[in-house]
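A short write-up of the structure that comes next.
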Amino acid sequence: MNPVPRWRIAAAVAVLALLGFFAVIITPIYVHNLELQRYVSEITQPAENQTKPDEDLRSMVMQEARKLDLPVKADNVHILRSQDKMRIDVRYFVRVTLPGYTVDLHFYPGAGSR
């Protein structure tokens, strides 16, 4: 049996290190998005929030997004109302700049009352 050449082992270690680096950079963004999704779901359920003005709800979402360090602007928060239902949709993107590569991660957290 032939031993694996050292350059292949070094290449494998480099690829794994690069993947780990990407995961360290990108994972917190996804976790914060999930936290924002959970928050939006929570504020659409109570009946008292159904009657709050759109601007109050929008500012609540914006405050949570700032707390999570997400680049959500006021015009990214869409509040849709029908007779007895309300839906909040947040559409935003996070630009991630990595060495030699830039990517925009698009997120669409949203929730509605039942």
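The values are calculated or read from the model by the stated rules, or taken from the named source; none is laboratory data. These numbers come from a predicted model, not from an experiment. Positions of Cβ are backbone-derived with ideal geometry, glycine not excepted, and every protein chain shown enters the neighbour counts.
Checking the structure you have, find out if any residue of the range 62-78 is part of a loop (DSSP other than H, G, I, E, B) and small (Gly, Ala, Ser). Among the residues of the range 62-78, not one is part of a loop (DSSP other than H, G, I, E, B) and small (Gly, Ala, Ser), which makes the answer no. In the range 93-105 there is no residue matching the filter, namely being modelled with pLDDT under 95 and over 30 Å from ALA23 (Cβ atoms).
Does the range 72-90 hold any residues that are of a type in the set (S, T, N, Q) and surrounded by 12 or more Cβ atoms within 10 Å (Cβ to Cβ), and which are they?
ASN76
Beta carbons closer than 6 Å, at least 6 apart along the sequence or on distinct chains, pair a first residue in the range 85-114 that is touching a residue at least 60 places away in the same chain (Cβ under 8 Å) with a second that is surrounded by 15 or more Cβ atoms within 10 Å (Cβ to Cβ) and acidic (Asp, Glu) for GLY110/ASP89. So, LYS52, is that one among the charged types (D, E, K, R) and more than 21 Å from THR97 (Cα to Cα) or not? Yes; evaluated as a whole, the condition is true for this residue.
When you check GLN63 against the structure, is it modelled with pLDDT of 95 or more, exposed (fewer than 14 other Cβ atoms within 10 Å of the Cβ) and either over 17 Å from the mean Cα position of the chain (by Cα) or farther than 22 Å from VAL96 by Cβ (or both), yes or no? Yes; evaluated as a whole, the condition is true for this residue.
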